[in-house]
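This report concerns only the one structure given below.
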Amino acid sequence: MDRQRWLGRNHAPSGPLGEVVPAPSVSGPLVTGLDPVSVLSVRLRVPPGGQAVVTFGTAANDQLATLMAVVDKYRQPSSVERASVMSATLAGIQSGPHH
């Protein structure tokens, strides 16, 4: 992703232009230059009165088989829910009362 296309001229990171383009198909390493940026994007259509829940996850591993095993695990809603509960629990412990 080109940072200029994402951020835009004179936009702060908290209010980017947000132009999203499909990732290029490359057979080798992706050349990102000195200032790379990565963006997760999804387009949703939610009818009036409807609801949607979207969960993004990222993973990286230099072994494709290991990476695909992790991806497959987190395609299961129960794994996502368990990880979310654990994350909320740990966040609550870390940000607990300060004395």
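The values are calculated or read from the model by the stated rules, or taken from the named source; none is laboratory data. Just so it is clear, the structure is predicted and the values come from calculations on it, not from any experiment. Note that each Cβ is placed from the backbone with ideal geometry, even for glycine, and that neighbours are counted across all protein chains shown. When the accessible area is computed, the model is the full protein with side chains, heavy atoms only, and any ligands, DNA or RNA have been set aside. Shrake-Rupley method; radii C 1.70, N 1.55, O 1.52, S 1.80 Å.
Examine region 82-96 for a residue that is β-branched (Val, Ile, Thr), surrounded by 10 or more Cβ atoms within 10 Å (Cβ to Cβ) and either in contact with a His (Cβ under 9 Å, 6 or more places away or on another chain) or in contact (Cβ under 8 Å) with a residue 12 or more places away in the chain (or both), and state whether such a residue exists.
no
Please find, among 71, 21, the residue that is closer than 30 Å to residue 85 by Cβ and in contact (Cβ under 8 Å) with a residue 12 or more places away in the chain.
Exactly one of 71, 21 is closer than 30 Å to residue 85 by Cβ and in contact (Cβ under 8 Å) with a residue 12 or more places away in the chain, namely 71.
Condition first: open to solvent by 80 Å² or more (accessible area, probe 1.4 Å), touching a Phe, Trp or Tyr at 6+ places or on another chain (Cβ under 9 Å) and either at pLDDT below 85 or in a loop (DSSP other than H, G, I, E, B) (or both). Can you find one or more residues in region 10-28 that meet it?
yes
Can you pull out every residue in region 86-99 that is in a loop (DSSP other than H, G, I, E, B) and within 16 Å of the chain's Cα centre (by Cα)?
Once the filter is applied, which keeps residues that are in a loop (DSSP other than H, G, I, E, B) and within 16 Å of the chain's Cα centre (by Cα), region 86-99 yields nothing.
Of the conditions (1) open to solvent by less than 60 Å² (accessible area, probe 1.4 Å); (2) out of contact with any Pro (no Cβ under 6 Å at 6 or more places or on another chain), residue 7 clears all except one; give me its number.
(2)
Which residue out of 52, 83, 65 is at pLDDT 90 or above and part of a helix (DSSP H, G or I)?
65
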